[in-house]
Amino acid sequence: MKAMVLAAGLGTRLRPLTDDRPKALVTVAGRTLLEIALSRLRAFGVSEVIVNTHHYADMIVHYLRANNNFGMRIEVSREEVLLDTGSGLKHAAWFFLDGIAPSQEPFIVHNVDVISTIDLARMMRFHVEHAALATLAVQDRATSRYLLFDQHGQLCGRRAGQTAEDVQPELVRPAAAVQALAFSGIHILSPRIFAKIEEEGAFSIIPAYLHLAAKEEKILAFRADEYYWRDLGRPESILQAARDIESGMYSGV
């Protein structure tokens, strides 16, 4: 099984922790964010990973080499110019499409700066059983940017702001009722998505998902409310995650 770890960001929200290192090498309870993400993926059967890099890219390359790639096949997708999540994924498409007969096996995309206990095996089964193009782990929690899903769990729009009155929602397909959910930075994609993404240049994956949803492609919600999840984008979140690990609240690999 293959996966991509999104680790190319500048980590500006994590300063000063990222003044001398990439956010992937910031530590939580003695382990780097990259090690935590890779260990989680390996525990669910992932053996091949591509990691995108930009900020302090050489440090990540040397770190992986020093740790024998954590027992996995790991490739590095260097971004000389910082790409956004969608274009970063598109830039790494070769990793998922290589070979004479490219595999159609779905793969995982995981932000390096989130930790969770989300059951990736269960999420993968959900993705396969529903023949989805993309499956997004989402939760019913407060966020500044919501994704909107219809009664069948299919993506149909997005909305900024804490309440529906804050900003008019952007709907890309009709829905009798919508539910606003927070994206968790973990997705499962089918390789056929690369032939369907039309965006060029630097672009976020979310607008690409919305464009695909507008064309009736299956972009589905995987409800992950029951699992632990934390965004590690700020220093205070790193400290809280360390406390969660110490208390046993987070018991990831």
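Residues to consider are Ala180, Ala242, Ala175, Ala214; find the one that is open to solvent by 20 Å² or more (accessible area, probe 1.4 Å), over 29 Å from Val128 (Cβ atoms) and of a type in the set (A, V, I, L, M). None of the other options fit; the residue is Ala242. Taking region 47-131 as the region of interest, the helices (runs of 4 or more DSSP H) fully inside it that hold 3 or more residues being among the aliphatic types (A, V, I, L, M) and surrounded by 13 or more Cβ atoms within 10 Å (Cβ to Cβ) are 57-66, 120-129. Per this entry, Ile197 is not counted among residues that are touching a His at 6+ places or on another chain (Cβ under 8 Å) and either open to solvent by 10 Å² or more (accessible area, probe 1.4 Å) or at pLDDT 90 or above (or both). Taken across region 53-75, residues that are within 27 Å of Ala241 (Cβ to Cβ) and within 15 Å of the chain's Cα centre (by Cα) do occur, with at least one present. In the set (1) open to solvent by 10 Å² or more (accessible area, probe 1.4 Å); (2) assigned to a strand (DSSP E or B), Glu35 fails one condition alone, (2). Scanning region 132-145 for residues that are at pLDDT below 95 and either surrounded by 14 or more Cβ atoms within 10 Å (Cβ to Cβ) or more than 19 Å from Val178 (Cα to Cα) (or both) turns up just one, Thr143.
Figure legend. Inter-residue proximity from region 229-249: first residues within 18 Å of Ala24 (Cα to Cα), second residues open to solvent by 90 Å² or more (accessible area, probe 1.4 Å), beta-carbon distance below 6 Å, spacing 6+ or different chains. Indicated pairs: Gly233/Arg13; Arg234/Arg13.
Residue check: is Gly157 farther than 17 Å from Phe222 by Cβ, open to solvent by less than 50 Å² (accessible area, probe 1.4 Å), small (Gly, Ala, Ser) and part of a strand (DSSP E or B)? Spelling it out, Gly157 is indeed farther than 17 Å from Phe222 by Cβ, open to solvent by less than 50 Å² (accessible area, probe 1.4 Å), small (Gly, Ala, Ser) and part of a strand (DSSP E or B). Screening the candidates Tyr227, Tyr209 for the property of being more than 11 Å from Ala134 (Cα to Cα) and among the hydroxyl-bearing types (Ser, Thr, Tyr) yields one hit, Tyr227. On the basis of being assigned to a loop (DSSP other than H, G, I, E, B) and either closer than 30 Å to Arg21 by Cα or among the hydroxyl-bearing types (Ser, Thr, Tyr) (or both), does Thr143 make the cut? Criteria met by Thr143. Condition test on Tyr227, is it over 18 Å from the mean Cα position of the chain (by Cα) and outside any helix (DSSP H, G or I)? When the stated conditions are applied, Tyr227 does not pass them.
The values are calculated or read from the model by the stated rules, or taken from the named source; none is laboratory data. Just so it is clear, the model here is predicted, and its values are computed rather than measured. Reconstructed Cβ throughout: ideal geometry from the backbone, glycine too, with neighbour counts over all protein chains shown. These area figures cover heavy atoms from the full protein model, side chains too; ligands, DNA and RNA do not enter into them. Shrake-Rupley method; radii C 1.70, N 1.55, O 1.52, S 1.80 Å.
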